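Here the structure is laid out as structure tokens; the discussion comes afterwards.
The values are calculated or read from the model by the stated rules, or taken from the named source; none is laboratory data. The structure displayed is predicted, hence computed values, not measured ones. Heads up, the Cβs are rebuilt from the backbone with ideal geometry, glycines too, and the neighbour counts pull from every protein chain shown. Each accessible area value is taken on the protein alone, full model and side chains, heavy atoms only, with ligands, DNA and RNA left out. Shrake-Rupley method; radii C 1.70, N 1.55, O 1.52, S 1.80 Å.
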Amino acid sequence: MAQLPKYQMHVGGTWVDPLSGEWLETDNPFNGKPWALIPRGNADDANRAVAAAKDAFDNGEWPRLTATERGNLLRRLGDLIARDADRLAATEVQDNGKLIAEMRGQLRYVPQWYYYFGGLADKVEGAVIPSDKPDMFNYTRHEPLGVVVAITAWNSPLLLTAYKLAPALAAGNTVVLKPSEYTSASALEFVKLVDEAEFPPGVVNVATGYGREVGEALISHPDVAKVAFTGGSVTGRHVYETAAGGLKRVTLELGGKSPNIVFEDADIEDAVKGAISGIFAASGQTCVAGSRLLLQEDIHDEFVERLLRTAKTARLGDPMDMDTQVGPVTTPPQFDKVLSYISIAKEEGANCLLGGRAAQRPECGDGWFVEPTIFDDVSNDMRIAQEEVFGPVLSIIRFRDDDEAVAIANDVMYGLAAGVWTQNVRRSITVADRLQAGTVWVNTYRAVSFMSPFGGYKMSGIGRENGADAIREYLQTKSVWISTASEVPNPFVLR
Ligand code: TXE
């Protein structure tokens, strides 16, 4: 059998074999076959990567660069991503099974994060404090934290990397990136561009391998100042607890069980598209998936009929084909998990209107495909309505009026996103106000931007990514006091 392409890790500006001496296979979800070997890092690899990042932060060129020069490097990196967008998109599709149609668009958009935060780098201003003390000059500076560990999930590796890397670097930190063990190839391809942009060695390092091995060593390392994490809520809580031991800063972007609420006065055609995009785009493997469709009683039957008509025509198949609409699930454990939730929903008495099983169509080959699945007559206390499935499985829940819609929408532990479909301006604003979610979309769904804050309420996370304030998550404030007095006053009392 031909040897699979073998990746190395990127540490301190060079390519290195893992100290563990081991590699793991990474699979193509469309055919279920391994296509490359990824270094299986261990604690020694984590230590080596953190040491390189710390050295780059403390010494060398990076801390001597001006913020403007850091911004220039970020913009150059953005240009290189734009140049290589199609190549990076193809790597992502091969590794995570998302649609090439989506990934090409996403990779063409990712440079904006590096342009935006590159532009922001030299606009982080401290303040001169109007001191209450005579003969005192007091000002603040916003300084980087140090070594940031960025841990990403498998569903959108390079987009989630941009959410973290762009503000972290703009702020002057150095980074160890730990991609998901299922989808590490794109990060290793991406870091070639970091080199080409001529970032100093050690500013961006990539350590690959299992979360419980290399990841665990990174989040507990004493020289790591911050962990920026996207992933599941159980792992997220563990990251938070472990980081607490070293009083590390943490931002967490965890899952959701987002409500997509359709009122009787909505434009039904648009809302059907919104429901589809909320749950079947990316095969439902997005943290913001609109996995609970809340329908007002009066429009329920008509809406469901139209939804089924559209969902039934969804084209499953090769994610590299520009016409495919639903690709495979990314990993075998996720495939099993989605199917197990379908069984749970059936046992709970939800009414399966569409799908409800693995897809066995010729166009799906040996891939890990699940049929687009719609459950009706779901009540919000069922597990299928409360727990994140992370797959193409929609739960329909009915409501009578605005109060009930808001009560159902908020009655989950998560609070990442919500959709509202109505043509009534007053209703759109009052309902958006009452929803416990970090993002609310009105008459649209799944819109994100580098310039708009993104993050969760409740168990969906801590902190915000994107938008100008996101850079604050990677900075700490220093207050500098300079006495202009001609003599030092009584040293035995507080000034
Ligand atoms: O995620 P994990 P998994 C949900 C989804 C999925 C479930 C589990 O429901 O079924 O989470 O998916 C790293 N120390 N989401 O297992 O474990 C890991 O290597 C340090 C929702 O893939 O959260 C990977 O890089 N790191 C979600 C990252 O954490 C550790 C996206 C995420 O892995 C670690 C993905 C440890 N001890 C899954 N253990 C979303 N919100 O978008 C794991 N990791």
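Screening residue 368 against (1) at positive phi; (2) within 16 Å of the ligand (Cβ to nearest atom) leaves a single unmet condition, (1). Would you check if residue 79 is of a type in the set (D, E, K, R), open to solvent by 10 Å² or more (accessible area, probe 1.4 Å) and over 24 Å from residue 251 (Cα atoms)? When the stated conditions are applied, residue 79 passes them. Of all the residues in segment 444-481, those that are open to solvent by 70 Å² or more (accessible area, probe 1.4 Å) and over 30 Å from residue 276 (Cα atoms) number 6. Please verify whether residue 191 is in contact (Cβ under 8 Å) with a residue 24 or more places away in the chain, under 20 Å from the mean Cα position of the chain (by Cα) and not in a helix (DSSP H, G or I), treating the condition exactly as stated. No: the conditions fail for residue 191.
Conditions (1) within 16 Å of the ligand (Cβ to nearest atom); (2) out of contact with any Phe, Trp or Tyr (no Cβ under 6 Å at 6 or more places or on another chain); (3) assigned by TED's automatic domain parsing to the domain that holds residue 88, marked per residue:
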| position | (1), (2), (3) |
| --- | --- |
| 317 | no, yes, no |
| 331 | yes, no, no |
| 334 | yes, yes, no |
| 338 | yes, yes, no |
| 341 | yes, yes, no |
| 345 | yes, no, no |
| 359 | no, no, no |
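Applying the criterion of at least 3 residues that are more than 13 Å from the ligand (Cβ to nearest atom) and crowded, with 24+ Cβ neighbours inside 10 Å to the helices (runs of 4 or more DSSP H) found wholly in segment 212-290 leaves 268-279. In segment 420-432, the residues that are open to solvent by less than 30 Å² (accessible area, probe 1.4 Å) form Cβ pairs under 6 Å with partners that are of a type in the set (Phe, Trp, Tyr), at six or more places apart or across chains, as follows: 422/263. Per this entry, residue 175 is counted among residues that are surrounded by 20 or more Cβ atoms within 10 Å (Cβ to Cβ), within 16 Å of the ligand (Cβ to nearest atom) and within 22 Å of residue 470 (Cα to Cα).
Please indicate, with yes or no, whether at least one residue in segment 89-99 is touching a Pro at 6+ places or on another chain (Cβ under 7 Å) and among the small types (Gly, Ala, Ser). Yes; the residues of segment 89-99 include at least one that is touching a Pro at 6+ places or on another chain (Cβ under 7 Å) and among the small types (Gly, Ala, Ser).
When you check residue 54 against the structure, is it among the charged types (D, E, K, R) and assigned to a loop (DSSP other than H, G, I, E, B), yes or no?
Spelling it out, it is not the case that residue 54 is among the charged types (D, E, K, R) and assigned to a loop (DSSP other than H, G, I, E, B).
Any residue at all in segment 151-172 that's within 16 Å of the ligand (Cβ to nearest atom), touching a His at 6+ places or on another chain (Cβ under 9 Å) and closer than 21 Å to residue 227 by Cα? The answer is no, given that none of the residues of segment 151-172 is within 16 Å of the ligand (Cβ to nearest atom), touching a His at 6+ places or on another chain (Cβ under 9 Å) and closer than 21 Å to residue 227 by Cα.
Which residue is farthest from the ligand (Cβ to nearest atom), if the candidates are limited to segment 379-400 and must be open to solvent by 10 Å² or more (accessible area, probe 1.4 Å) and in contact (Cβ under 8 Å) with a residue 40 or more places away in the chain? Out of the qualifying residues, it is 400. Taking the conditions (1) more than 16 Å from the ligand (Cβ to nearest atom); (2) β-branched (Val, Ile, Thr); (3) not in a helix (DSSP H, G or I) in turn, residue 448 satisfies each one other than (1). Being in the same structural domain as residue 206 (by TED's automatic domain parsing) and closer than 25 Å to residue 282 by Cβ is a condition met by no residue of segment 123-138.
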